[in-house]
Amino acid sequence: MREKFYFRKFFSNYSLYLILLFLIIISTSLSPLFISYRNIVNLLMQGSFSGLLAIGMTFVILTGGIDLSVGSIVGFSSILFASLLHGSIFTFMPKTIFIYVDLVELSPVFHFPLNILFVVFIGSLIGFINGAISYKFRIHSFIITLAIMIFIRGLAISYTDGQPLFGMPKYIEFLAYGEFLKVPMPVIIWVVSAIISGILLKFTPFGRQIYAVGGNEEAARLSGLNIFIGRVAPFVISGFFAALVGIIMSGRMSCGDPKIAEGWELNAIAAVVIGGASLFGGRGSIAGTLIGTLIVSLLINIMNLLEMSAYHQEMTKGLIIILSLVMQNILRKNEIEN
């Protein structure tokens, strides 16, 4: 009986790492190129963008909320950043010139780094609107962020008539393609953001407030915690990371594109849920989200190696989320019983 208890405890604590190791073994067996430096770098690069979104999503899910607007904020931030770089030229430019706009000299509205700061501020502001409306009017964040997702994506596409805006400065291209000690900048930004966020959640009063509000809002209120901050701040953080991803993606594509990141919110949610966070709030961690992001990236890599269609990949992601939720419930019941 004791051996069974220790086995359950071991599996509960290390199941994510075991799944990750299992997927690495499968990937290696499917293709010998998997363990090559180039493939690993590409894998981490692909995971870094959804990983940044997943960090912001972790804060939201810890409070029992959900943010479906992050993909739209990425697209909106991308085109907003590009329009700031082109200044007033953007407003009066004929639609047929959008494709060749890289031939036009940039005339930024703000100097570096104010352009970046302005875009992440707007992304954070959209997040604030999500959280404030949800909290003040007691409407579930699923509904609010769904509406904001549709509105923001439509705003970005209508502003540019669905056309990309080319032309990016060197410093943004460096954020997307630059390296430090042979590690790509997006991966460095992802890891540094995860470390800072992990410290914020685990070792600060703000982090404890997030867990308290997500675990039991009424108890947190009676303890004197500011529920408004606990409910709204996570959406601000989520909007910040979505805007940051939009800026980096602009450098990666050398343009602002209002249509990018469609469906990326699903990858972020999947990473957080697979990482052990509870959709009811109060349970989860940045470390778990990191592992969850790697698992999702590996699964996508395996499906690409197997040449699965995009439609089948989406179906698989949905099944993975369901299985993760079922596993969470089983592990939670085992913990309660023991």
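The values are calculated or read from the model by the stated rules, or taken from the named source; none is laboratory data. Bear in mind the structure is a predicted one, so any value in this text is a computation, not a measurement. No Cβ is skipped: glycine too gets one built from the backbone with ideal geometry, and neighbour counts run over all protein chains shown. Each accessible area value is taken on the protein alone, full model and side chains, heavy atoms only, with ligands, DNA and RNA left out. Shrake-Rupley method; radii C 1.70, N 1.55, O 1.52, S 1.80 Å.
Key figures for this structure:
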{"read-out": "Qualifying residue in the range 26-47 (condition: modelled with pLDDT of 90 or more, within 24 Å of the chain's Cα centre (by Cα), in a helix (DSSP H, G or I) and of a type outside the set (A, V, I, L, M))", "value": "yes"}
{"read-out": "Subset of the range 301-318 [open to solvent by 40 Å² or more (accessible area, probe 1.4 Å) and in contact (Cβ under 8 Å) with a residue 60 or more places away in the chain]", "value": "305, 306"}
{"read-out": "Cβ-Cβ under 6 Å pairs, at least 6 apart or on other chains, the range 123-134 side under 12 Å from residue 228 (Cα atoms), far side crowded, with 19+ Cβ neighbours inside 10 Å and of a type in the set (Phe, Trp, Tyr)", "value": "131/235"}
{"read-out": "Sole exception among (1) within 30 Å of residue 172 (Cα to Cα); (2) at pLDDT 90 or above; (3) open to solvent by less than 30 Å² (accessible area, probe 1.4 Å) for residue 298, by number", "value": "(2)"}
{"read-out": "Answer residue from the range 162-181, given it is without any contact (Cβ under 8 Å) to a residue 40 or more places away in the chain and open to solvent by 70 Å² or more (accessible area, probe 1.4 Å) and is nearest to residue 255 (Cα to Cα) among those", "value": "170"}
{"read-out": "Residue within the range 293-300 that is closer than 11 Å to residue 62 by Cβ and among the β-branched types (Val, Ile, Thr) present", "value": "no"}
{"read-out": "For residue 107: the one exception among (1) assigned to a loop (DSSP other than H, G, I, E, B); (2) hydroxyl-bearing (Ser, Thr, Tyr); (3) open to solvent by less than 20 Å² (accessible area, probe 1.4 Å)", "value": "(3)"}
{"read-out": "Scan of the range 155-200 for residues that are on the phi > 0 side of the Ramachandran plot and of a type in the set (Phe, Trp, Tyr), ordered by number", "value": "none"}
{"read-out": "Those helices (runs of 4 or more DSSP H) lying entirely in the range 206-288 with at least 2 residues surrounded by 18 or more Cβ atoms within 10 Å (Cβ to Cβ) and aromatic (Phe, Trp, Tyr)", "value": "227-253"}
{"read-out": "Count of residues meeting criterion [part of a helix (DSSP H, G or I) and touching a Pro at 6+ places or on another chain (Cβ under 9 Å)] in the range 153-173", "value": "8"}
{"read-out": "The range 129-152, residues that are assigned to a helix (DSSP H, G or I) and open to solvent by 80 Å² or more (accessible area, probe 1.4 Å)", "value": "136, 142, 143, 150, 151"}
{"read-out": "Test: residue 282 is at positive phi and either free of Cβ contacts under 8 Å to residues at least 24 places away in the same chain or touching a Gly at 6+ places or on another chain (Cβ under 7 Å) (or both)", "value": "yes"}
